[in-house]
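For reference, the structure discussed in these notes is given below.
The values are calculated or read from the model by the stated rules, or taken from the named source; none is laboratory data. Fair warning: this is a prediction, and the values are worked out from it, not measured in the lab. Don't worry about glycine lacking a Cβ; one is built from the backbone with ideal geometry, like all the others, and counts go over all protein chains shown. For accessibility, only protein heavy atoms count, side chains too; no ligands or nucleic acids. Shrake-Rupley method; radii C 1.70, N 1.55, O 1.52, S 1.80 Å.
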Amino acid sequence: MPWTWNAWPWDADPDAVRKDVALAHEDFTGSGRVRGTVRPVVGESWRRSARLGIDPDGVSPRIELSGSDLADYRDAHPLAATLPLLRRLLLDTAPGPQIVAVGDAAGRLLWVEGDHRLRSKAEDMRFVEGANWHERSAGTNAPGIALALDHEVQVFASEHFARSVQPWSCSAAPLHDPDTGALLGVLDITGEDLVASPQALALVRAAATAAEMELRARRIAGVLPGPRPSPDDPARVPDHLMLEVLGRDGARLTVDGRATELSARHSEILLLLSSAPRGLSGAALGARLHERDSAPVTVRAEMSRLRRLIGHDLLASRPYRLLCPLPTDADTVRERLSGGDRTGALRAYRGPVLPGSEAPGVIEIREGLDAELIGALDGEKDPRALLAWAEHPEWRDDPRVLSAVLRSLDPDSPSHAALRGRLRWLGE
């Protein structure tokens, strides 16, 4: 399911999604079975909420910090330094009324700001500073799942486990220490349907990344202290590491000049761990691999085989994590895009990320990179570069790319006419 973390795909009807999930929620609270069109990430959260004894009719998150205790804790928290940036990104230019919340790694909301009307309404469900909105405390909600699975996620309306929260929607992303990858907290926007749109999740993800980079910049400038050294830091980092995943169903891992061809499942695992610096629990890794096919025992077995194959110097457990950064050829494409080198990015793009994989986490990485590449076309001005994109083997039959190239080419040029014909042929 390619929209695991998004509330709905781009072409869906939110009202239809709301009604379908509401019926499934009523069914689940009566039978304990997840049926109907429920996203796996939501269905699994419902199950966890039920196992934790959360009452869907009586959720009341605990107020764990208040008064001077809350003020002192916030002042000392590293995320306090990111508040001015997050306000500019998410409040000053907000497309509509919304609440922005920043919580700590335990799920306690430290700052809740934004639209006054919405904040007043949110007080009725204790969405306030000092309240704990971890999944363990409040059931299925975006900040809670983001912390439980260490991944950005949306929860839309009736997807919430507690009925009192179902009038709301939210998008959230975890916040990490930029140097160690340690989980620092969570960033969330809460409001009406608009905050569950695909654009909203992309905005929250970008804002979380910007906040982490703000922390790094302040450390470099000496404004903030650096992270404490971890006992898990490896004794030796290989001289050369690279994971090649573009256009390959099985990745190639290169360590100190030695290349190893990986199976499809080991390729997925290493790619997912490379994008989670602090690591993933067995449940979180299983969810990214495939919700129902990756029981914890299966994940453990695959990790044991992978460790025997590539050695113990790269992998650690509890949680599963890489002991040093593992760059990928997909990262190379992103770096060139961010540097404005669109032609170089195209040359480095050898195909989709693990194109044969159906793992939800891999699909997200694959589609995210493709979206970045297609988005970059709108800023390209060189006709030769644009035509190179349109003739690239991976893109020449993609209507999204052809449409983007046509928007940037001279409508009177022969190339524009030829591409219009190709796009029309694809449509037919």
>> Rounded to the nearest percent, how much of the accessible area of the chain (1.4 Å probe, protein heavy atoms only) is carbon and sulfur?
In response: 52
> Spin-label point model (7 Å from Cα, Cβ direction): what's the residue 425 to residue 199 distance in nm?
Replying inline: 3.5
> Between residue 385 and residue 240, what length in nm is gained on full extension when 0.36 nm per residue of separation is reduced by their alpha carbon distance?
Replying inline: 49.0 nm
> When only alpha-carbon atoms count, how far does region 29-129 stretch along each of its three principal axes, as whole angstroms with the largest first?
Replying inline: 45, 34, 25
>> Can you find, among 111, 176, 60, the residue sitting farthest towards the positive end of the charge dipole of the chain, where Lys and Arg contribute +1 and Asp and Glu -1 at Cβ?
In response: 176
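Sort 320, 349, 73 by accessible area with a 1.4 Å probe, largest first. Mind dumping the intermediate values first?
Details: 320 30, 349 5, 73 75 Å².
So the residues, ranked largest to smallest area, are 73, 320, 349.
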> Using Cα pairs under 8 angstrom and six or more residues apart, how large is the relative contact order of the chain, in percent?
Replying inline: 12
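At a 1.4 Å probe radius, which order do 220, 365 fall into by accessible area, largest first?
Numbers: 220 140, 365 30 Å².
These residues rank, largest area first, as 220, 365.
Charges only on Cβ, +1 for Lys and Arg, -1 for Asp and Glu: so what's the dipole of the chain about the Cα centre, in debye to the nearest 20? Working shown, then result.
Details: 52 positive and 62 negative charges, 155 e Å.
Dipole magnitude for the chain comes out near 740 debye.
Evaluate 2.2 N^0.38 Å with N set to the residue count of the chain, then give the Cα radius of gyration divided by it. Write out the running numbers ahead of the final one.
On the way: Rg = 22.6 Å, N = 428, 2.2 N^0.38 = 22.0 Å.
With N residues counted in the chain, Rg over 2.2 N^0.38 Å equals 1.03.
Solvent-accessible area per residue for the chain at a 1.4 Å probe radius, Å²? Let's see the in-between values first.
Working: 19640 Å² over 428 residues.
Averaged over the residues of the chain, the accessible area is 46 Å².
Can you tell me the dipole magnitude for region 34-115 around its Cα centre, using point charges on the Cβ only (Lys, Arg +1; Asp, Glu -1), in Debye to the nearest 20? Mind showing how you got there, number by number?
Numbers: 10 positive and 11 negative charges, 103 e Å.
Dipole size: approximately 500 debye.
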> Which cross-chain or sequence-distant (5 or more) residues have an amide H under 5 Å from the amide H of residue 111, H modelled 1.01 Å from N in plane?
Replying inline: 102
